[in-house]
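Single-structure report; data block below.
The values are calculated or read from the model by the stated rules, or taken from the named source; none is laboratory data. Remember, it's a predicted structure, so these values are computed and weren't measured experimentally. We place every Cβ from the backbone using ideal geometry, glycine too, and count neighbours over all the protein chains shown.
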Amino acid sequence: MVNAQTPPKVEPLADALEDTKQATESVKEAAEDLAVIHAVLNSELPAEVRQGDAGAAVDQTKSVEKQLGESAELLDQAKDKLEREIKKRKASAKRRKSK
């Protein structure tokens, strides 16, 4: 528990920030890879092959790529929040030290 005299810890947030950055990049790369896969399947498979389950699978790649993109955006937002909180806590700790 953090009280008025105990500076909030930054290290766990810094670790979470690093994990978030890595996860964001991984999700972005997966979304980009899936977008390429979708484009290739959509353009290279003959129309008669894109029927039934195969067509549904091609369509699903686009949906999953969109979900991954949205997840990457959420991770970016979380990363920004963590960065702001770390800066806030460092500034608070610095003010406490100067008193």
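Laid out as a table, the results:
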item: Residue that is touching a residue at least 12 places away in the same chain (Cβ under 8 Å) and in contact with a Ser or Thr (Cβ under 8 Å, 6 or more places away or on another chain), where the choices are 13, 82, 45, 68; result: 82
item: Where residue 15 falls short, out of the listed (1) surrounded by 13 or more Cβ atoms within 10 Å (Cβ to Cβ); (2) at pLDDT below 95; (3) within 26 Å of the chain's Cα centre (by Cα); result: (1)
item: All positions within the stretch 36-69 that are surrounded by 12 or more Cβ atoms within 10 Å (Cβ to Cβ), of a type in the set (Asp, Glu) and over 21 Å from residue 23 (Cα atoms); result: 59
item: Candidate set from the stretch 21-54 (those that are outside any helix (DSSP H, G or I) and of a type outside the set (Lys, Arg)); member that is nearest to the chain's Cα centre (by Cα); result: 45
item: Count of residues meeting criterion [of a type in the set (Gly, Ala, Ser), over 17 Å from residue 19 (Cβ atoms) and surrounded by 12 or more Cβ atoms within 10 Å (Cβ to Cβ)] in the stretch 74-99; result: 2
